[in-house]
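A.B. asks: Here it is: the structure, laid out below.
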Protein chains: 2
Amino acid sequence: MTDDLGAIRCQVWQLLQEGASDRTSAARHIVLATVGRTGGAEARTVILRRAQQRIAALEFHTDRASEKVAEIEIHPYGTVLLWEPETALQVRLRVMLSVRKGTEAEWGRIPAPSRFAYGGQPPSGQRIVNPGAVSLLQEPERFAVIEARIEEIETLHLATQPHRRALFRRADDFTGAWLAP
Amino acid sequence: MTDDLGAIRCQVWQLLQEGASDRTSAARHIVLATVGRTGGAEARTVILRRAQQRIAALEFHTDRASEKVAEIEIHPYGTVLLWEPETALQVRLRVMLSVRKGTEAEWGRIPAPSRFAYGGQPPSGQRIVNPGAVSLLQEPERFAVIEARIEEIETLHLATQPHRRALFRRADDFTGAWLAP
């Protein structure tokens, strides 16, 4: 299967769809790397909320006041990284990022205790004098959705020797090509 | 323990030292994010090879011909990210990266089968016609060490409510301060 480009592409989308729907999936918590406001690379773990193969796009939820929103508005090109231990598969997705306001329907589907992730004072990353010096608030106007349009999918299977590296580009309709590992 | 800055700093260094010495550690495979040659953020999983608290620095091994070496030579500021599931701790390390030639002593400590990671034609990332169209070679002159000088350690503990976020900066001798989570 690691020698069939179509099967690899299928495996990636199965993994992403599983991540978006199953809390125990290896693709639930994935890494989002962006370019920081001072020019270096930043990375953090995010939760995969939606994966749509038809338009090759992913969605994450975030607080509008978070640093990554400010970063994306300046530098929209980033990478989403995930690792699937069972088949020793690394997936790198080169993405174009944008941020939109979350809809009322999306807000309605968030469990009540989780809504504190969107809001609060002071906003994330500000200095505070002790860890309790924060007000937890649910602020729907700070609930935002990061949309990641996938430009390239790069896979690396480590279970075979030589390793298998493949690249699927939007510009080629994600048909796929082999790269030296 | 998540309310004691000194204890958190200690936990981070224990985790990093364990990652550098123990193949089964959560900190063995960590994420290195860099700025790519076309200006977007890149990320990949790397193996932590060395962690030195005294100088607050980490080391990774790489093929001199790899894309990340070219990226680091242009944009040296990156992030190292790790996630420790047992205590629900995310660690973000903002680092200044540099690349040096591996020493003969370092090469000598690499198990023989692993030496194929340093060398081979064509180099990683070049187009090939099928996954077998690569020559595996051990080339000590392509064995390089990435040094990561830690400028900032940012921790986020998710197990408590409110979450605990702290920042330790080299400029402050890593004494630590609280940030809004």
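A.B. asks: When chain B is treated as a GNM, springs tying every alpha-carbon pair under 10 Å, which of B:Glu141, B:Glu152, B:Glu86 comes out with the largest mean-square fluctuation?
C.D. replies: The residue with the greatest mean-square fluctuation here is B:Glu86.
A.B. asks: If you don't mind, there's one more thing I want to ask. How well do other chains shield peptide B:172-178, expressed as the mean number of their Cβ atoms within 10 Å of each residue Cβ? Could the numbers behind the result be given before it?
C.D. replies: Numbers: counts 0, 0, 0, 0, 0, 3, 9.
So the per-residue partner count for this stretch is 2.
A.B. asks: Then there's this: GNM on chain A, C-alpha springs below 10 Å: top fluctuator among A:Ala41, A:Ala112, A:Ala27?
C.D. replies: Answer for the Gaussian network model of chain A: A:Ala112.
A.B. asks: Along the charge dipole of chain B, Cβ charges K/R +1 and D/E -1, which of B:Ala20, B:Leu48, B:Ile128 sits furthest on the positive end?
C.D. replies: Going by the charge dipole, the pick is B:Ile128.
A.B. asks: In square angstrom, rounded to the nearest 10, how much accessible surface does B:Phe116 have for a 1.4 Å probe?
C.D. replies: Accessible surface of B:Phe116 is approximately 90 Å².
A.B. asks: Between chains B and A, what is the buried accessible area summed over both chains (1.4 Å probe, protein heavy atoms, nearest 100 Å²)? Walk me through the intermediate numbers first.
C.D. replies: Values: alone 10030 and 10030 Å², together 16670 Å².
Using a 1.4 Å probe on protein heavy atoms, the buried area is about 3400 Å².
A.B. asks: Right, here's the next one. Could you please report the charge total around A:Ile153, scoring K, R as +1 and D, E as -1 over all other residues with beta-carbon less than 13 angstrom from its beta-carbon?
C.D. replies: Values: positive: A:Arg9, A:Arg92, A:Arg94, A:Arg149, A:Arg165, A:Arg169, A:Arg170; negative: A:Glu151, A:Glu152, A:Glu154, A:Asp172, A:Asp173.
With Lys, Arg at +1 and Asp, Glu at -1, the neighbours total +2.
A.B. asks: How large a share of the accessible area of the protein assembly as shown, in percent, is made up of carbon and sulfur atoms when the probe is 1.4 Å and the other protein chains stay in place? Can you show the working numbers first?
C.D. replies: On the way: 8340 of 16670 Å².
Carbon and sulfur: 50 percent of the exposed surface of the protein assembly as shown.
A.B. asks: Another question, then. With springs only between Cα atoms under 10 Å apart, run a GNM on chain A and tell me which of A:Glu18, A:Glu151, A:Glu106 wobbles the most.
C.D. replies: A:Glu106
A.B. asks: Which listed residue (B:Gln161, B:Trp83, B:Phe143) has the Cα farthest towards the positive end of the charge dipole for chain B, taking +1 on Lys and Arg C-beta and -1 on Asp and Glu C-beta about the Cα centre?
C.D. replies: B:Phe143
A.B. asks: Bin all alpha-carbon pair distances of the range A:1-62 at 10 Å intervals from 0 and give each bin's fraction as a whole percent.
C.D. replies: 21, 41, 29, 9, 0
A.B. asks: Compute the accessible area of each residue in the range B:58-91 twice, once for its chain alone and once with every protein chain present, using a 1.4 Å probe on heavy atoms, and list those whose area falls by at least 50 Å².
C.D. replies: B:Leu81
A.B. asks: Also, quick follow-up: State, to one decimal in nm and shortest first, how far the label point of A:Trp107 sits from each corresponding label point in the other identical copies (label point: 7 angstrom along Cα-to-Cβ).
C.D. replies: Shortest to longest, the spacings are 6.2 nm.
A.B. asks: Across peptide B:127-133, how many C-beta atoms of other chains are within 10 Å of each residue C-beta, on average? Intermediate results must be reported in sequence, preceding the final value.
C.D. replies: On the way: counts 5, 7, 2, 2, 14, 4, 3.
Whole-number average of other-chain Cβ neighbours for B:127-133 is 5.
A.B. asks: Label-point separation (nm) for A:Ala7 and A:Glu141, each offset 7 Å from Cα along Cα-to-Cβ?
C.D. replies: 5.4
A.B. asks: If you roll a 1.4 Å probe over the heavy atoms of the protein chains, what accessible area per residue do you get for the protein assembly as shown, in Å²?
C.D. replies: Details: 16670 Å² over 362 residues.
Here the residues of the protein assembly as shown average 46 Å² of exposed surface.
A.B. asks: Moving on to the next point. Shielding of B:162-169 by partners, i.e. mean partner chain Cβ atoms within 10 Å per residue?
C.D. replies: Numbers: counts 9, 6, 2, 6, 1, 2, 0, 0.
Mean shielding by partner chains, rounded to a whole number: 3.
A.B. asks: So how tilted is helix B:5-21 from the main axis of chain B? Cα-based, degrees 0 to 90, rounded to 10.
C.D. replies: 20
A.B. asks: Assuming R0 = 35 Å, can you tell me the calculated FRET efficiency for the pair A:Val129 and B:Glu73, based on Cβ-Cβ distance, to the nearest 0.05? Intermediate values should be presented prior to the final figure.
C.D. replies: Numbers: r = 41 Å, r/R0 = 1.18.
Step by step, r from the Cβ atoms, then E = 0.25.
A.B. asks: To the nearest 20 debye, what charge dipole does the range B:1-93 have about its Cα centre, counting +1 at the Cβ of each Lys and Arg and -1 at the Cβ of each Asp and Glu? Mind dumping the intermediate values first?
C.D. replies: Values: 11 positive and 12 negative charges, 53 e Å.
Its charge dipole is roughly 260 debye.
A.B. asks: Which of the peptides B:6-12, A:75-81 is most tightly packed, and how do the rest follow, going by the mean number of other Cβ atoms within 10 Å of each residue? Write out the running numbers ahead of the final one.
C.D. replies: Numbers: B:6-12: 16.9, A:75-81: 23.1.
By packing density, highest mean first, the sequence is A:75-81, B:6-12.
A.B. asks: If you take the beta carbon distance between B:Trp107 and A:Ser114 as r and set R0 to 56 Å, what does 1/(1 + (r/R0)^6) give as a FRET efficiency, to the nearest 0.05?
C.D. replies: Details: r = 50 Å, r/R0 = 0.89.
Between B:Trp107 and A:Ser114 the formula returns 0.65.
A.B. asks: So, one more: For the range B:81-181, just list the percent of Cα-Cα distances falling in each 10 Å bin from zero outward, please.
C.D. replies: Computed distribution, short to long bins: 13, 27, 22, 23, 15, 1.
The values are calculated or read from the model by the stated rules, or taken from the named source; none is laboratory data. All of these numbers come straight from a predicted model, not from anything done at the bench. Glycine gets a Cβ as well: all are built from the backbone with ideal geometry, and neighbour counts include every protein chain shown. Note: accessible area is taken over every heavy atom of the protein model, side chains too, but ligands, DNA and RNA are not part of it. Shrake-Rupley method; radii C 1.70, N 1.55, O 1.52, S 1.80 Å.
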